[in-house]
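Peer 1: Supplied in structure tokens, the structure appears directly below.
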Amino acid sequence: MDPFVFQETADIPIFIIKEWEERFPSLRVGFSARKKGEDADCRNYALHVGNNGAQVIENRRKLAEFVDFSLSDWTCAEQVHHTRIAFAQDHDRGRGKKDRKTAFQNTDGLFSYRSNMLLASYYADCVPLYFYASDIGHYGVAHAGWKGTVQQIGPKMIQKLQERGARIEHIFVAVGPSIGPCCYEVDHHVIHPLKRVLNNQMQLDRVAMSHTPAKWHLDLKEANASLLKNIGVKEQNVLQSNWCTSCDVNYFYSHRRDGGNTGRMVAWIGKKGD
Ligand SMILES: [Zn+2]
């Protein structure tokens with residue numbers, strides 16, 4: 001079974017990482033879904049796309065409350081396909097919840113240890129990476145498109161957690177729904193930099209399958225998982241989703257499939273506490 005388990009109650013379709021929520025009862029962690037037949041604004045969680053900001057904020061409020069938080073806990077960044085990672089402190093709670101200008105700027109990764117903060121980031125094909133350092137109670141989320149992947153935003157998040165005192169064997173990672181190798185064709189602009197960061201040709205062959213000259217089907221989820229395992233994240237601590245945001249049209253928006261004009265899902269992680 002996929003680690004991202006679909007559930008639809010209270011009219012809010014979501015995936016949750018059930019295994020983490022059962023193992024770490026204070027964690028709330030998941031990925032939003034759309035509903036079949038609805039238009040792109042209905043389940044859009046990002047303010048930089050679509051025409052209905054009020055709907056986005058209402059979607060955020062409903063989802064936050066559904067997972068035991070409130071809209072004022074919703075904390076997010078303006079993502080730019082780079083690798084800046086910010087540490088969210090108490091006074092950052094709620095940044096970006098209703099507008100773009102108060103969000104963390106130029107930031108693709110967020111982490112925190114504070115309770116009652118919900119870190120959110122937005123997707124339509126890129127890979128959501130979730131982190132939990134169980135020994136120090138820090139959690140994080142990072143946005144990895146191909147650029148973030150080859151610039152190693154995943155390993156950079158691990159480094160941030162280690163600087164806070166986490167030990168690698170206590171770090172858990174989940175690689176969420178994204179476009180799959182079935183639907184993601186790339187050329188040498190992507191493959192060459194990827195080759196430089198992976199360990200060897202065998203690893204590259206596993207994540208990128210060449211099918212016609214100079215074209216590859218890239219498994220961006222596998223690439224991220226490989227980069228994290230290469231720096232010592234334990235195999236058994238890595239969960240990897242098989243959902244493809246392009247194939248699974250009933251659940252997801254897809255930038256590539258929908259020709260760039262579509263909504264965004266949200267990946268969230270937060271910790272409940274006193
Ligand atoms: Zn696919």
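The values are calculated or read from the model by the stated rules, or taken from the named source; none is laboratory data. Computed from a predicted model, the values in this text were never measured in an experiment. Methodologically, a virtual Cβ is constructed for each residue, glycine included, from the backbone with ideal geometry; neighbour enumeration extends over all protein chains shown. Areas reflect the complete protein model, heavy atoms only, side chains present, ligands, DNA and RNA absent. Shrake-Rupley method; radii C 1.70, N 1.55, O 1.52, S 1.80 Å.
Peer 1: Between a first residue in segment 90-102 that is under 11 Å from Trp74 (Cβ atoms) and a second residue that is among the charged types (D, E, K, R) and open to solvent by less than 60 Å² (accessible area, probe 1.4 Å), which pairs have beta carbons less than 9 Å apart while being 6 or more apart in sequence or on different chains?
Peer 2: Arg93/Asp73; Gly94/Asp73; Gly96/Glu78; Lys97/Arg60; Lys97/Asp73; Lys98/Arg60
Peer 1: Out of all the residues in segment 168-185, which are within 15 Å of the ligand (Cβ to nearest atom) and either open to solvent by 10 Å² or more (accessible area, probe 1.4 Å) or not in a strand (DSSP E or B) (or both)?
Peer 2: Hits for segment 168-185 are Gly176, Pro177, Ile179, Gly180, Pro181, Cys182, Cys183, Tyr184, Glu185.
Peer 1: Any idea which of Glu8, Glu38, Glu22 is part of a strand (DSSP E or B) and either under 21 Å from Gln79 (Cβ atoms) or open to solvent by 30 Å² or more (accessible area, probe 1.4 Å) (or both)?
Peer 2: Glu8
Peer 1: Pairs under 6 Å by beta carbon, first residue at pLDDT 90 or above in segment 199-220, partner aromatic (Phe, Trp, Tyr), six or more apart or different chains?
Peer 2: Hits for this filter: Ala208/Trp216; Leu218/Tyr184.
Peer 1: Of all residues in segment 220-274, count the ones that are away from the ligand (no atom under 16 Å from the Cβ) and closer than 30 Å to Met202 by Cα.
Peer 2: So the answer is 16.
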